[in-house]
Amino acid sequence: MNTRPIRFFHFDRGETVNVNDMPTTQTVLQWLRDDVHCTGTKEGCAEGDCGACTVLVAELAGTAGTTDTADSTGGTRVGDLVIRPVNACIQFLPTLDGKALLTVEGLRSIAGGALHPVQQALVECHGSQCGFCTPGIAVTLTSTYERHCEAGTRPTRQQLADDLAGNLCRCTGYRPILDAGQRMFQFLPARLETKPIEAALRDLQSRSDAHGPAFAYEAPGRSVDINGQTRRDRYWAPRDVATLAALREKYPDARLLAGSTDIGLWVNKQLRDIGDLIHVGQVAELRRIERVTDDAGRPLMRIGAAVTLEDAWSALASAVPNLEQLWMRFASPPVRHAGTLGGNLANGSPIGDGAPALMALDTRLVLRKGERRRGMLLEEFYLDYMKNALEIGEFVETIDVPLPLPDVQYRCYKLSKRFDSDISAVCAGLSVRLHEGRVEQVRFAFGGMAATVRRAACAEASVLGRPWSDANLREAMQALTQDFQPLTDMRASAAYRMRSAQNLLWRFWLETRCDQPLSSKETTVWSVMSHQRVARPMSEDAQRSPL
């Protein structure tokens, strides 16, 4: 397979860039600051938490994944582009191939040399004090600005807070930043001109098609592994699943790369030697979301393993509204726009939020090796701490999520120290199907309680086939002590985890009991917050005058 340079459109410089002298794990942030001296983008945490390095990555809509599910496009659609905010500090430069990059330094060119409305609003509302985080905040707000201008709406303060959940600011307390997010629509419009970007990306696409079904890049020079062996690190980005399967079989030691929201930390924080990489983010079949039915006629949502977390959870929440809160609290927007659902599940973290939520829905994985496919329940996929059932040369192809039938009660609860963008102490996915007040089917799945996410078998047995009653539920709460022996760590003590898991079961019963179940207004503030997440139409006065 012939190698070639990394090619992408750098909006700030108005040109297509060819890079052929960088390591495969060179980050976008390193390239910006060290190699082309675009130092407006800052490095704070180098692990995707603070948002100081936020940039916008754009790709043609036809290559950004397809879906038959409404409201699940995830990124901001402007013209024929889909634009996503991502953390430059953990994105490897080769993943930009065929895409466009926009940083804070490109904002003034959008506004014809003046301050962009986002920048002007931050100045006038005193939204910057030390200023270190401000470039990332300005880029995030630019994505918000484009999305709402395109839709003819204006964001609520809660929507602005949601968009900024991945941008840390220790100076302002956020009030003036939220003020700026509302003020930015009061200036003369300055919209991103998409036509030159679209033309550049179509040119890159046509040139890539001429090079076959995969992009291959080889790092210059040689690296030395821990055994003293020298090698050239290689990177492949297949565009179809058959090519991915062939590469995976041919190079079983190569590491699969999705959004690099985890692998990026291995490089930045642990200084690990990653070796060869196979990037799944350009495989068209793995970026689809479809509504299908299984052999029993149950409705399924089939999600490709390379669908971004933002797109996947948006689609799932549209079908299962009880997942909306987890979606909005799952990591941060830049992480969700880069990371993938397949990567999150295959990673196998015992504190990952995706697995308990989907395990309680009886989710099934489709695993592929070469031309062979096999199905496996998600609960059977995890063997031990960070160990899964994948064979050598095998990968996750799709995630099949059964949608709850009307007689199924389903909830997902997350407990963490921070409300936004935090790792769970305990996450629970709980479902029960009742018939005449008796439990016909039950699934209690917990994260943060063991070495893997897993179902609570003893607690389930305590209620299965029995009345959905106070007494039987209390037995299930006690049975959790047989299912789990949680650890104490920096996020929570073992006692807190056990008590919390038991209380979440109790809350689930209170919300689903046969006699006078509690409404969401009685158990959570989320119902109030959800109303604050509805964008309002642009007023007639605002349409007549931008000032």
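The values are calculated or read from the model by the stated rules, or taken from the named source; none is laboratory data. Keep in mind that what you see is a predicted model, and the values were worked out from it rather than measured. Quick reminder, even Gly has a Cβ in these numbers, built from the backbone with ideal geometry, and neighbours come from all protein chains shown.
Details
- Within segment 242-263, the set of residues being buried (at least 21 other Cβ atoms within 10 Å of the Cβ) and either closer than 26 Å to Arg336 by Cα or in contact with a Leu (Cβ under 9 Å, 6 or more places away or on another chain) (or both) comprises Leu244, Ala245, Arg248, Leu257, Ala258, Gly259, Ser260, Thr261, Ile263.
- Residue identified as surrounded by fewer than 19 Cβ atoms within 10 Å (Cβ to Cβ), more than 25 Å from Asn388 (Cα to Cα), of a type in the set (S, T, N, Q) and modelled with pLDDT of 95 or more among Gln485, Gln478: Gln478
- Per the conditions (1) in a helix (DSSP H, G or I); (2) over 26 Å from Glu193 (Cα atoms); (3) not acidic (Asp, Glu), the sole criterion not satisfied by Gln129 is (1).
- Of all residues making up segment 1-19, the number that are surrounded by fewer than 20 Cβ atoms within 10 Å (Cβ to Cβ), in contact with a helix residue (DSSP H, G or I) (Cβ under 8 Å, 6 or more places away or on another chain) and not in a strand (DSSP E or B): 1
- Among the numbered conditions (1) surrounded by 13 or more Cβ atoms within 10 Å (Cβ to Cβ); (2) more than 26 Å from the chain's Cα centre (by Cα); (3) part of a loop (DSSP other than H, G, I, E, B); (4) modelled with pLDDT of 95 or more, the only one that Arg183 does not meet is (3).
- Total residues in segment 215-259 satisfying the condition of being modelled with pLDDT under 95 and of a type in the set (A, V, I, L, M): the figure is 3.
- Matching residues in segment 134-180 - criterion: being assigned to a loop (DSSP other than H, G, I, E, B) and either modelled with pLDDT of 95 or more or farther than 26 Å from Glu47 by Cα (or both): Gly152, Pro155, Thr156, Asn167
- Filtered by the rule that a residue be closer than 15 Å to Met359 by Cα and surrounded by fewer than 21 Cβ atoms within 10 Å (Cβ to Cβ), segment 455-475 gives Arg455, Ala457, Glu460.
- Among residues of segment 135-175 being of a type in the set (Asp, Glu) and touching a helix residue (DSSP H, G or I) at 6+ places or on another chain (Cβ under 7 Å), the one that is nearest to Leu122 (Cα to Cα) is Asp163.
- Within segment 286-320, tally of residues that are under 14 Å from Pro404 (Cβ atoms) and either of a type in the set (A, V, I, L, M, F, W, C) or in a helix (DSSP H, G or I) (or both): 7
- Scanning segment 20-43 for residues that are farther than 26 Å from Trp236 by Cα and either surrounded by fewer than 16 Cβ atoms within 10 Å (Cβ to Cβ) or among the charged types (D, E, K, R) (or both) yields His37, Thr39, Lys42, Glu43.
- Selection status of Ala495, small (Gly, Ala, Ser), out of contact with any His (no Cβ under 6 Å at 6 or more places or on another chain) and modelled with pLDDT under 70: no
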